[in-house]
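Here the structure comes first, spelled out in structure tokens, and everything after it is commentary.
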Amino acid sequence: MRLQEFHLEPFERPGAAQQGELYELWREALVMTGSPANATALADLEAATWHVLARDPEGHAIGCGSLTAEGRIGCVAVRGAARGQGVGTAIVHELIARARALGLTALSVDVPPAATAFFAYAGFAPTVPEAGAPEADPAITGDTAAMVHCNLLLPGLMRAGGERPPLRDIGALPAGSQAEVAAARLQLLTDTRHQLLVYLPSLHAGVFATPAELAQLRRIACSGRAASIRIVLHDPAAAVAIDHPLLPLAQRLTSTFQFRTPTDPVDLAYTSAYLVTDTGGYLFLPDANRPAGRAARAQRSAQVPLRQHFGEHWERAKRATILNALDL
């Protein structure tokens, strides 16, 4: 698995299924390192006010992390088979971004000596724990008897007089039904200024086909020299067969619309769909045939793996020659 093949799922209050996944991941990490999953450790997990799950393309949980209201990171765990692929780094960076959004001025974490370099790369510096400080958190791998307390300062977040800035709103959009996905897609198109990335296994009649969506796509395509709409499409022949409404628009604006088709069987086996805007927004459907996914108007950290995935697939894909008859 590579970096672009997982996605982050941040949330505040875990549902029953998410809670089970968090416990399973954490217990697995503790067993691998010989650390007992004691009541104190589980209490730390339950005290967290913000969580992140990393999921593979099939939706399986492969990593997690947590953050308390006081700025304590804990419960960072990554499945053995997924380690070394950037999962842990992405989780920690997401937790740091959330801490900034909450107006926190510092973060702390207790790690085994072997993990100090990993957290140092993210900006954490080891310190001598103060008298009366909480016991080392065994949520992260290692010997619980020899944990290193590390801090990360987040300067510039406090205003004059000690006032915290307002929380950053990522503009989370509901995307759990067909109607919600359609509304999220239209909102993201409306937010887009000049550039849009789209990955679709198929361009069917329910996607980019309404007058409102086509109007926004036309606006983006005509927004100036920086305008660019790049679409990776597995099956352009199917779009031609149904005379999809997007094709005539793309035919008239050939300098802006670009279509490519994957040829590698591995690429063609990718069944997710997504779009990424130039304003920090994204919509991700783990299964393109199921209207259930995740979306936000301003969450660039969630865009990173999608942009990397798109870039690699775009470079390997070929021009959609079947659209040549339309002079695309």
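The values are calculated or read from the model by the stated rules, or taken from the named source; none is laboratory data. Since the model is a prediction, treat every value here as computed from it, not as a measurement. Cβ coordinates were reconstructed from backbone atoms using ideal geometry, including for glycine residues, and neighbour counts include every protein chain displayed.
Structure above, values below:
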item: Scope the range 224-281; condition among the hydroxyl-bearing types (Ser, Thr, Tyr) and over 17 Å from residue 312 (Cβ atoms); matching residues; result: 228, 254, 255, 256, 277, 279
item: Among the candidates 309, 313, residue that is surrounded by 22 or more Cβ atoms within 10 Å (Cβ to Cβ) and either part of a helix (DSSP H, G or I) or not polar (S, T, N, Q) (or both); result: 309
item: Selection status of residue 80, among the small types (Gly, Ala, Ser) and within 22 Å of residue 293 (Cβ to Cβ); result: no
item: Options 242, 231: the member that is out of contact with any Ser or Thr (no Cβ under 9 Å at 6 or more places or on another chain) and modelled with pLDDT of 95 or more; result: 231
item: Residue in the range 24-33 that is in a helix (DSSP H, G or I), surrounded by fewer than 22 Cβ atoms within 10 Å (Cβ to Cβ) and at pLDDT 85 or above present; result: yes
item: Test: residue 301 is over 22 Å from residue 317 (Cα atoms) and either outside any loop (DSSP other than H, G, I, E, B) or modelled with pLDDT of 95 or more (or both); result: yes
item: Any hit, the range 247-258, residues being at pLDDT 90 or above and in contact with a His (Cβ under 9 Å, 6 or more places away or on another chain); result: no
item: In the range 264-286, the residues that are part of a loop (DSSP other than H, G, I, E, B), closer than 16 Å to residue 202 by Cβ and either among the aromatic types (Phe, Trp, Tyr) or in contact (Cβ under 8 Å) with a residue 40 or more places away in the chain (or both); result: 270, 271, 272, 286
item: Which listed residue is modelled with pLDDT under 80 and either of a type in the set (Gly, Ala, Ser) or within 30 Å of residue 315 (Cβ to Cβ) (or both), from 145, 183; result: 145
item: Residue match in the range 81-100 (condition: part of a strand (DSSP E or B) and out of contact with any Cys (no Cβ under 7 Å at 6 or more places or on another chain)); result: no
item: Members of the range 101-126 found to be modelled with pLDDT of 80 or more and not in a helix (DSSP H, G or I), listed by number; result: 104, 105, 106, 107, 108, 109, 110, 122, 123, 124, 125, 126
item: For residue 269: the one exception among (1) crowded, with 16+ Cβ neighbours inside 10 Å; (2) within 23 Å of the chain's Cα centre (by Cα); result: (1)
item: Residue that is surrounded by the most Cβ atoms within 10 Å (Cβ to Cβ), among those in the range 226-247 that are assigned to a helix (DSSP H, G or I) and touching a residue at least 60 places away in the same chain (Cβ under 8 Å); result: 236
